[in-house]
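Below: one structure, written as structure tokens.
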Amino acid sequence: MNSVHRLYKPFLTIATLANTIGTLVIFGLVAIMNVDVIARGLFHAPLKGVVEVVIFSLVLIVFLQLPDVVRHNRLTRSDGFLGLMDGKHPKFANILSRTIDLAACIFMALIAWTMWPEFTESFESCHFFSQPEFGPAPTGDFLVDLSDAFARCEYFGTPGIFTAPWWPAKLAIVFSVTTCAIIFAFKVILGNRQAAMVDDGESPV
């Protein structure tokens, strides 16, 4: 089991880092919205694309912070019955908890399996590493070619006002649900109590 504990710890670190990035996105979103309010109130010149930025940021915030939510068992669920059984029949509660975590692991894996083709299709639409079907051929200038590639990407937003490629958001979703599936898998193997002890830096028995 010690090897399982060692394999589990890096994913706890990944979840923490993803949560930190999600928190920074929140701070950035708050700053943008405050600037927009000030620009509207004082200069009657609202920032362009704020609505699109909010939509994009919400996707990043939710999915980047989701693995850390799973890590700390804070994912919304009704566990009153589980808590009751844990006090009276701990072995049954342990089996039930692992069964729930297994179902969650499978569900997250299915989302990742579904989203991966969407991410690859969205990323490949940019033609970062291949000759585009339409538009100018690569010039050999890295910055120019990179700018042209981003302009070709599948995008969301309003052309002429604000557009951004979709693939970073879809990558965040794939990364998040894959990490969640892995954490749930470790919870199935270790059980919630041992997983929590590994998370706290203790040595599970």
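Among the residues of the stretch 142-155, is there at least one that is surrounded by 10 or more Cβ atoms within 10 Å (Cβ to Cβ), part of a loop (DSSP other than H, G, I, E, B), modelled with pLDDT of 80 or more and among the acidic types (D, E)?
Taking the stretch 142-155 first, the residues surrounded by 10 or more Cβ atoms within 10 Å (Cβ to Cβ) are 144-155.
From the residues that got through so far, the ones that are part of a loop (DSSP other than H, G, I, E, B) too are 153-154.
Keeping just the survivors that are modelled with pLDDT of 80 or more gives 153-154.
Keeping just the survivors that are among the acidic types (D, E) gives 154.
Yes - at least one qualifying residue is present in the stretch 142-155.
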Search the stretch 93-124 for residues being free of Cβ contacts under 8 Å to residues at least 40 places away in the same chain and farther than 16 Å from A181 by Cβ, and hand back the single one that is surrounded by the fewest Cβ atoms within 10 Å (Cβ to Cβ). P117
Check I38 against each of (1) of a type in the set (V, I, T); (2) without any contact (Cβ under 8 Å) to a residue 40 or more places away in the chain; (3) under 30 Å from I182 (Cβ atoms) and name the one condition it does not meet. (3)
Residues L17, L29, L24: which one is in contact with a Ser or Thr (Cβ under 7 Å, 6 or more places away or on another chain) and at pLDDT 90 or above? L29
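Quickly run through the stretch 22-79 and pick out the residues that are hydroxyl-bearing (S, T, Y) and surrounded by fewer than 18 Cβ atoms within 10 Å (Cβ to Cβ).
Within the stretch 22-79, the subset hydroxyl-bearing (S, T, Y) is 23, 57, 76, 78.
Matches in the stretch 22-79: T23, T76, S78.
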Within the stretch 47-95, restricting attention to residues that are closer than 22 Å to I26 by Cα, of a type in the set (S, T, N, Q) and assigned to a helix (DSSP H, G or I), which residue is modelled with the highest pLDDT? Q65
For I183, work out the one condition from (1) modelled with pLDDT of 75 or more; (2) outside any helix (DSSP H, G or I) it doesn't fulfil. (2)
I need the full set of residues from the stretch 140-158 which are farther than 16 Å from V53 by Cβ and either in contact with a Ser or Thr (Cβ under 6 Å, 6 or more places away or on another chain) or not hydrophobic (A, V, I, L, M, F, W, C) (or both), in order please. G140, D141, D145, S147, D148, R152, C153, E154
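The values are calculated or read from the model by the stated rules, or taken from the named source; none is laboratory data. Just so we're clear, the structure is a prediction, and the values are computed from it rather than from any experiment. Cβ: placed from backbone, ideal geometry, glycine included. Neighbour counts: every protein chain shown.
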